Amino acid sequence: MRVRSLADMRKSKASTGSLPLFEQSSTLIPPLPDYPFDSDSVPDFRFERFLVNAGCRWIAGTDEAGRGPLAGPVVAAAVILPLDIKIGGLNDSKKLNANKRDQLFDVVMQSALAVSVCSISAQTIDQRNIRSASLEAMSNCVGTLSILPDALLVDGRDIPDSLPSNLASRAIIKGDCRSMSIAAAAIIAKVTRDRMMKLLGHEHADYVFESHMGYGSAAHRTKITQLGGVDRVHRFSFRPLKTDE
């Protein structure tokens, strides 16, 4: 892969999109209850069971990892869990250390009824913008589940545009802290992406991707200043890699 200097990093301005101030939703299912939620809350199956009572059979959760880094792909996962399963310690992946995430990854993979993962490259992120790439990754992994879900719970505010029209869907703010299905998807996405970044760390040892996973740490930014960015690895639409013409 060719390494570009900062002088080569001339890119036209591209919108990175913005999140709406409301939750999008499908009309195929009733509005989700406003269950109590605070910083001490942990994920459970209340949303999933509500959907089952509303007539849904298979409920998938989806989430992504890697919207903010300066390098590497954005990775999304979709997971369908049996609603009688108990997975101790499953929570927002950002609240867990790497060892715990690895343990939960194995548990989810062994316990889930269906799991799918999709990544969108840094190059595609530059061409489209990170919001569009994240939503595309989620849509793709939902569409490739081995079980077609009746309902989908999405972390955040946005629901991908390209989902099947008959798929009922809801976006849940802080969903990885509230829904077991979304929390499971978040673990799969995060661990998968971290493993991808570790492999890139072996291929591009100077950047030590395995230590910061492509995020804009001081050490990573220093390396970018010294060496420039790597084609198809770094996101040249992100500052400091992006420069104005």
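The values are calculated or read from the model by the stated rules, or taken from the named source; none is laboratory data. Being a predicted model, the structure only gives us computed values, none of them experimental. Backbone-built Cβ (ideal geometry, glycine too); neighbour counts: all protein chains shown. Areas reflect the complete protein model, heavy atoms only, side chains present, ligands, DNA and RNA absent. Shrake-Rupley method; radii C 1.70, N 1.55, O 1.52, S 1.80 Å.
Here are the numbers:
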| item | result |
| --- | --- |
| Residues that are closer than 25 Å to Ile87 by Cβ and open to solvent by less than 30 Å² (accessible area, probe 1.4 Å), drawn from the range 160-179 | Leu167, Ala168, Ser169, Arg170, Ala171, Ile172, Gly175, Asp176, Cys177, Ser179 |
| Condition check for Gly66: at positive phi and touching a Pro at 6+ places or on another chain (Cβ under 9 Å) | yes |
| The range 13-30: number of residues that are open to solvent by 40 Å² or more (accessible area, probe 1.4 Å) and either modelled with pLDDT of 95 or more or in contact with a strand residue (DSSP E or B) (Cβ under 7 Å, 6 or more places away or on another chain) (or both) | 4 |
| Residues that are open to solvent by 60 Å² or more (accessible area, probe 1.4 Å) and either of a type in the set (D, E, K, R) or over 20 Å from the mean Cα position of the chain (by Cα) (or both), drawn from the range 31-51 | Pro31, Asp34, Pro36, Phe37, Asp38, Ser39, Asp40, Arg46, Arg49 |
| Long-range neighbours under 8 Å by Cβ, at least six apart or interchain, first residue closer than 14 Å to Pro69 by Cβ within the range 116-129, second surrounded by fewer than 18 Cβ atoms within 10 Å (Cβ to Cβ) and of a type in the set (A, V, I, L, M, F, W, C) | Asp126/Ala14 |
| Enumerated helices (runs of 4 or more DSSP H) restricted to the range 69-153, each holding at least 3 residues that are buried (at least 21 other Cβ atoms within 10 Å of the Cβ) and within 15 Å of the chain's Cα centre (by Cα) | 130-143 |
| Identity of the residue in the range 52-66, of a type in the set (Val, Ile, Thr) and buried (at least 23 other Cβ atoms within 10 Å of the Cβ), that ends up nearest to Glu136 (Cα to Cα) | Thr62 |
| Check on Arg157, part of a strand (DSSP E or B), over 30 Å from Val230 (Cα atoms) and either at pLDDT below 95 or touching a strand residue (DSSP E or B) at 6+ places or on another chain (Cβ under 9 Å) (or both) | no |
